[in-house]
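Working notes, beginning with the structure itself.
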Amino acid sequence: MREFLDGATAIARGALDAGCNFFAGYPISPATPLLLHMIRELPKVGGVAIQAEDEIASISMCIGAAMTGARALTATSGPGISLYSENIGLAIMGEVPLVIVDAQRMGPATGGATMPAQGDVQFVRWGTAGGYPIIALAPSSVAECYSLTRRAFDLAERFRAPVFLLTDKAMFLSMSTVEIEQYEHPAVRARAQAQAAPAGDPDLRPEESFWPWRFDPIDQPPPFSPFGGEHIMRFTGSSHDEHGFLTKDPARVGQLNEHLWRKIADHAPELELVRADLQPDARTLFVSYGITARAMEEAVLVARAAGQRVSALTVQSLWPVSKGAILAAVGQVTGTSESAGHLGPVERVVVAELNLGDFRREVERVIYGWAAQTRQIAPEVVGINRVDGELITPGQFLQFVTSNE
Amino acid sequence: MTQTTITLTTYRNEREYPFCPGCGHGLILNALNHALIKLAVDPKRTVLVTDIGCHGLSDQYFVTHAFHGLHGRSIAYATGIKLVDPDLNVIVLIGDGGAGIGGAHLLNAARRNIGLTVLVFDNFNFGMTGGEHSVTTPTGGVTATTRFGNLERPLDICATVAVNGAGFVWRGTAYDKDLADVIVEAVQSQSFALLDIWELCTAYYVPNNKFSRNMLTTTREALGMAAGMISRAERPEYAHALRDAGAIQAGQPALRPDPLIPIFASTLDREFRLVIAGSAGGKVRSTAKIAGEAAVLSGLWATQEDSYPVTVKTGHSLSELIFSPQEILYTGIPRPDALVLVSEEGRRAAARYLAAMSAESWLFVTPEFADLETPARKLVFDFEAAGMRGARKQAALLMLSAALRRLRLFPIEACEEAIRRGQRGAIAEENLALLAQSAGVYVTCA
Ligand SMILES: Cc1ncc(C[n+]2csc(CCOP(=O)(O)OP(=O)(O)O)c2C)c(N)n1
Ligand code: SF4
Ligand SMILES: [Mg+2]
């Protein structure tokens, strides 16, 4: 059985099925339909949705709600992400589970509100002060809009961190056909909960019955207890100790910052999510994500129908960078082909995206870094880039196959 | 506030305040502590929300929940907390600095009348960053950034929130004997309650202005700002009101998959790309959606991408449709197989598609475009000649269904089914009638 729907609807459904019960947002094209969906739907399931006075209030309300136990979602476009910036830092520091949908638009400032674009890939990565890892997913079909929204909630809860879902006008607003059986339903875990307080504690020394923060094990988020719950919760955006008191003690501050980093960085391999369509002996590897991956997948069908060999990697988890999957795709099939002086048979990696090389930069870093480390000759990494508001066409990919073989 | 009461002799923990000697912040916190004792609130049902500034350190000295957020945003965090758990006691501590940078939150919280208690630690300057001026620095006040006296008029926070709907507004000083009692009343009030508490920053504002306690009153009087209870009116509290409004919809069916069971068949064996271009308000998008659903009801895959100016009621409206026996990956349309032109605005918006037409393409037009030069196979549909009522306004559906009858991509009955399942009442009736009419359209081939 099939459906005919847009990505915004699929994201709304994914959020509802993931147990989302709080939404705050501010209207902006092309993200507004998700605000409308949540305003309409959340009261039906006992949740709350609000149009806030601005984007700073939107994300602030979400942070307050999430720390009161809600599963919170917000949605905006690039200009709104700009206003979220400081509070994204607070969500990282305060280990706040939060899903942020970025329906990207073309170019800086107000840019092209209704043009497909993928210009926020590096922006969401480095969009706040202090430089800590973030998680970002990019659906490349309407079915994935649903399943990756569920996954985004799962990861937000699991890692107690903000998780981005990067999409664009074409994916978000265009209607597509989905085979209902294609929807994946990844499980959505709940954040680890604090244990019940020891019974009868009349002198109320919260510091002793519950530690709202924990840096040991250093790679795990602390157990959660909501505002209004049975433990006293101290939330803070400042450098803090396990009790939530401000500290400048270098040992503590170092531990806190290492914890925030390693909580995600140590788990990068398990966060990798790609669709690898690799062909033995292919000398060209295409890499893409989001709406652009669809043209790539079509180009692969066309090239192979013409007897050409080509591999493709659709990246669903943009951050942390799927290093293992990228290297596997480059060195794939033959594993080691050191005799040929290459990581693998791949001679050229073509990264296609609707920006001027945001993700190519990461692919280069991974491949050239590995080649330098292992003293092998790296394949060249080139880009297909477009910032004119048009989609990259299958033909733009095919030029690389024909000119290359 | 919540009903559970608890007997505590203090809500302070054993940590000492960090403020400069003589700083008013500690006095306000002592009054807050007394108020909490009188209220006998459950600390587990009470959240102190602070932000950045010397006053922002305050939450660390109490045994309640604490939220220490970013400069000026505490009212917005508190709103999120209150919306999720409306019966919590949420007390917000902000400075005059935060009231300035977070002014939008202050205004909107007052307007909503959300049941927060906001204590403004108003010392006329930014203590933490070195005594710069704030929105409440009195005219003539000397600060690090108004060295020859402030030229700006200070913001009357109380008058502003009162006129915008706050249910409980009071102004006084950190030295007022009744401060604790007023805080008690404010927390008990269901309304948005704001206390503008004037006090001394002994590190900056006092030495820079030879300021004193007495001058709190003389300055206020000189500025003509009121003191005491400024507004007291219980209005519906927002967090509860929003829940109550939502409760009416509780249990209604939420968004669910909406399967289109393929009860029709199509013989289409390749991708077919169709563009329909008309004017805003001409039902182009809803017509395209009928066709998209009809294709899916016929076992095909379909995509639809719309474009229109942001001012939706004027200019063009254009929809790109792709139908295919297989999953559609790339959704761009460099060259449509068929183009349906409904209006002049549509023709202009579709110029690139018109230019890309070949001898294999189909062009369906209204009579005004009968002379259009094109290599495509052109069909002119003249509804008005066929005497169809409202043809202009309904041209999108008439044209598209007439084109679909010609193209035979899938049965026209599938469009009927799409209308029946997706539209209701009079609109469905009207569209079904149009669909039937489109069979009798008068066609000329050019
Ligand atoms: C976004 C941002 N801008 C600037 C600052 C620096 N800053 C810290 S406290 C403060 C002003 C505090 O003044 P006020 O709220 O009156 O508190 P006080 O120190 O007087 O108690 C400023 C501007 C900041 N922390 N964040
Ligand atoms: S700098 Fe001013 S506001 Fe800050 S603690 Fe000292 S006296 Fe108080
Ligand atoms: Mg101040």
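Here are a few things to note about the model shown:
- Solution diffusion estimate, µm²/s, Stokes-Einstein, region B:4-53, Kirkwood Rh from C-alpha pairs, 25 °C, viscosity 0.890 mPa s: 201 µm²/s
- What the Cα convex hull of the protein assembly as shown gives, in volume per residue, is 191 Å³.
- Computed over chain B, the range of Cα coordinates on each principal axis works out to 93, 52, 38 Å, biggest value leading.
- Å² per residue, accessible surface of the protein assembly as shown at 1.4 Å: 37 Å²
- Equivalent ellipsoid dimensions for region A:2-182 as semi-axes, Å, which come from the Cα gyration tensor, largest first: 22, 19, 15
- Couplings for region B:53-66, taken from phi via the Karplus curve 6.51 cos²θ - 1.76 cosθ + 1.60 with θ = phi - 60°, read x, 4, 4, x, 6, 4, 4, 6, 10, 10, 9, 7, 4, 9 Hz in order; Gly and Pro are left as x.
- Extension gain from B:Arg392 to B:Tyr442, taking 0.36 nm per residue of separation minus the Cα-Cα distance: 16.5 nm
- Sulfur and carbon atoms: percent of accessible area, chain B [1.4 Å]: 54 percent
- If you wrap the tightest convex hull around every Cα atom of region B:272-445 and split its volume per residue, you get 108 Å³.
- About its Cα centre, the protein assembly as shown has a charge dipole of approximately 880 debye under the convention of +1 per Lys or Arg Cβ and -1 per Asp or Glu Cβ, with nothing else charged.
- With a Förster radius of 35 Å applied to the beta-carbon distance between B:Thr10 and B:Glu234, the computed FRET efficiency rounds to 0.70.
- Contact residues in region A:79-116 by the 30 Å² criterion (accessible area, 1.4 Å probe, full protein complex versus chain alone): A:Glu86, A:Leu90.
- Counted charge near B:Met229, where neighbours are those whose Cβ lies closer than 13 Å (Asp, Glu -1; Lys, Arg +1): -3
- With R₀ set to 35 Å, the beta-carbon distance separating B:Glu344 from A:Arg348 gives a calculated FRET efficiency near 0.15.
- For region B:109-115, putting each phi into the Karplus relation 6.51 cos²θ - 1.76 cosθ + 1.60 with θ = phi - 60° gives couplings of 5, 5, 4, 6, 6, 7, x Hz, in residue order, rounded to whole numbers and with x for Gly and Pro.
- Anisotropy class of region B:25-246 from Cα gyration tensor, a/c 1.5 cut: prolate
- Normalised per residue, the volume of the convex hull around the Cα set of region B:140-266 (Å³): 241 Å³
- Mean residue ellipticity, 222 nm, helices only, the protein assembly as shown: the sum of -39500 (n - 2.57) across DSSP H runs of n ≥ 4, divided by residue count and rounded to 500, is -10500 deg cm²/dmol.
- Shielding of A:46-54 by partner chains, average beta-carbon count, 10 Å: 5
- Around the amide H of B:Leu200, modelled in the peptide plane, lie the amide H atoms of B:Gly24, all under 5 Å away and 5 or more residues distant in sequence or on another chain.
- Three-way shape label, region A:93-196, alpha-carbon gyration tensor, a/c 1.5: oblate
- Chain B packed on chain A takes about 6000 Å² of accessible surface away from a 1.4 Å probe, both sides summed.
- Carbon and sulfur %, accessible surface of region A:2-182 computed with the full protein complex present, 1.4 Å: 57 percent
- Kirkwood hydrodynamic radius (C-alpha pairs) into Stokes-Einstein, region A:272-404, 25 °C and 0.890 mPa s, D in µm²/s: 169 µm²/s
- Region A:215-291 and region B:309-384 have Cα centres lying 50 Å from one another.
- Segment B:Met215-B:Ala159, extension gain: residue separation times 0.36 nm, minus the distance between their alpha carbons: 18.1 nm
- For region B:246-277, a reduction of at least 50 Å² in accessible area between the chain on its own and the assembled protein chains (probe 1.4 Å) is found at B:Gln249, B:Leu255, B:Pro257.
- Subset of B:Lys283/B:Lys313; B:Lys289/B:Lys378; B:Lys313/B:Lys378; A:Lys44/B:Lys289; B:Lys44/B:Lys82 violating a 19 Å alpha-carbon distance limit: B:Lys289/B:Lys378; B:Lys313/B:Lys378; A:Lys44/B:Lys289
- Isotropically averaged projected area of region B:312-410, using the convex hull of Cα atoms (one quarter of hull area), nm²: 7.2 nm²
- By the equivalent-ellipsoid construction on the alpha carbon gyration tensor, region B:281-346 comes out with semi-axes of 23, 13, 10 Å, ordered largest to smallest.
- Extending 7 Å from Cα along the Cβ direction at B:Ala226 and again at A:Asp219 yields two label points whose distance is 6.2 nm.
- Along its first, second and third principal axes, ordered by size, chain A spans 77, 48, 40 Å in Cα coordinates.
- √(5λ) per eigenvalue of the Cα gyration tensor, region B:5-116, largest first, Å: 22, 19, 11
- Under the Karplus curve 6.51 cos²θ - 1.76 cosθ + 1.60, θ = phi - 60°, whole-Hz ³J(HN,Hα) for region A:107-115, x wherever Gly or Pro sits: x, x, 6, 5, x, x, 5, 10, 10
- For A:Met171, net neighbour charge (Lys/Arg +1, Asp/Glu -1) across residues whose Cβ lies under 10 Å away: -1
- Taking only alpha carbon atoms, region A:175-314 gives an Rg to Rh ratio of 1.22, where Rh is the Kirkwood radius.
- Take each residue in B:297-304, count the other chain C-beta atoms within 10 Å of its C-beta, and the mean is 4.
- Computed E for B:Ile248/A:Arg40 - FRET, C-beta separation, R0 22 angstrom, nearest 0.05: 0.95
The values are calculated or read from the model by the stated rules, or taken from the named source; none is laboratory data. Please read these numbers as outputs of a predicted model, since none were measured by experiment. Neighbour counts are summed over all protein chains in view; Cβ atoms, including those assigned to glycine, are modelled from backbone coordinates with ideal geometry. The protein model used for the area step is the full one, side chains on, heavy atoms only, and it has no ligands, DNA or RNA in it. Shrake-Rupley method; radii C 1.70, N 1.55, O 1.52, S 1.80 Å.
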